[in-house]
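See below for the structure under consideration.
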Amino acid sequence: MGSKNEEASDEGPNYSPPSSSSSSPSSHAWKTRIVIPTLLAGVAGAGIGLISKHRKTLGLANVCSSYAANFAIVTGCYCGAREYVAATRKTGPDDIWNSGLAGFGTGALLGRLQGGQLGALRYSVVFAVVGTAADFTYLKLKDALRDYTKTIYQDIENSKESGSWLKLPEWFPVKVLDEEALAAKRAQEEQFLQQRARIRSLKEEES
């Protein structure tokens, strides 16, 4: 008993319970996959409300707020369902099957509230197709953008190593001339001035 108490007392001041942040998904990833798409959908809905044909009869503010709320609700439900499916299936966020299942479930729920069983069937198919297509396009664009950024970074590093990282591209309209190009340009300008002086002198002689 005494040895156990001594061990507990030795561990007591320095012991701290393991934090649950390592086991739970980070808040940054959660915001990226749910909150940010929801906000972007709300902004897109407000933009669609600006060009809606109902803005004159119902009022611009009412139409924009209605479109923004509907787009945000649909996107928030879909993204939340996608995260729930990913956590249930224990797969990563890049699994396209999560998008299809989340779209089917979200469409069935919202469609049931709006149009009964027929609406649930129709909306489930539409949400599954649209959600999967959107996530697939996003993943492809993300990979392409990452590769393009990596290529640009490598080009900059190679240019720094070769000492020509400040060199302007060939298509740039403003050219930085070296000493030989400047000397050739001055020679052309002097030749042009001499020709003008010669022509002026000939005109004076004729007159």
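The values are calculated or read from the model by the stated rules, or taken from the named source; none is laboratory data. What you see is a predicted model; the values in this text were computed from it and never measured. All Cβ positions, even for glycine, are placed from backbone atoms using ideal geometry, and neighbour counts span all protein chains on display. Note: accessible area is taken over every heavy atom of the protein model, side chains too, but ligands, DNA and RNA are not part of it. Shrake-Rupley method; radii C 1.70, N 1.55, O 1.52, S 1.80 Å.
Observations
- Rolling a 1.4 angstrom probe over the stretch 92-163 with all protein chains present gives an accessible area of which 65% lies on carbon and sulfur atoms.
- Solvent-accessible area, 1.4 Å probe, carbon plus sulfur percent, for the stretch 30-90: 70 percent
- Available extension along the chain between D94 and K203 is 31.2 nm, counting 0.36 nm per residue and deducting the alpha carbon span.
- Ordering 68-81, 191-204 by mean Cβ neighbour count within 10 Å, with the highest value first, yields 68-81, 191-204.
- Other residues within the sphere of radius under 12 Å centred on the Cβ of K140, judged by their own Cβ, net out at -2 (K and R +1, D and E -1).
- With a simple spin-label model that places each label point 7 Å from the Cα along the Cα-to-Cβ direction, the separation between L121 and L109 comes to 2.2 nm.
- In the stretch 36-89, the trypsin sites (Lys or Arg not before Pro) that fall in loop regions by DSSP, at most 16 other Cβ within 10 Å: K53
- Beyond 27 Å in Cα-Cα separation lie the following of the pairs K90/K140; K90/K150; K53/K140; K31/K142; K53/K142: K90/K150; K53/K140; K53/K142.
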